[in-house]
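Undergrad: Here it is, the structure, as structure tokens.
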Amino acid sequence: MNMKKFAKKITSFFIVALLFAPTMAGAVGLQKSGTLLGQTASKTGVDTSKQVEDVVGAGIRAGLTLVGLIFLVLMVYAGYLWMTARGEESQVDKAKKIVSTSIIGLVLVVGAYAITFLITSRLGR
């Protein structure tokens, strides 16, 4: 089976599943799902006092910390390449490229976070 046929089959399966998902949710009883979910969570020991916003915020903070760590590692690596270049222009150019692309990536991530924070803080009021 080639990859195109496989991708078409998987895509059509998900489309059909999405079309029938509301019907199945109504049959199960979506109205009672909130209380049933709470009961199940309390039985498993999950802390239900946390809000969704807190959990998502923690995930975003962890992601931004990871991006900062990757940026730091790339900067140290580029600095090491540059300092040990010994006059080789190709190695200096490689280090400069790593520095510039790392800074561009960091600016994009911080900019996206700033825009998201601005929009969500305005909508949350």
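Undergrad: How much net charge surrounds N2 when only the other residues with a Cβ under 12 Å from the Cβ of N2 are counted, with Lys and Arg +1 and Asp and Glu -1?
TA: +4
Undergrad: While we're on this one: If the chain between M75 and F14 were fully stretched, how many nm would it gain, using 0.36 nm times the residue separation less the Cα-Cα distance?
TA: 17.8 nm
Computed from the coordinates by the stated procedures, all read-outs in this text should not be read as laboratory data. Note that the structure is a prediction, hence the values are computed from the model and not measured. As a convention, Cβ positions derive from the backbone with ideal geometry for all residues, glycine included, and neighbour counts pool all protein chains shown.
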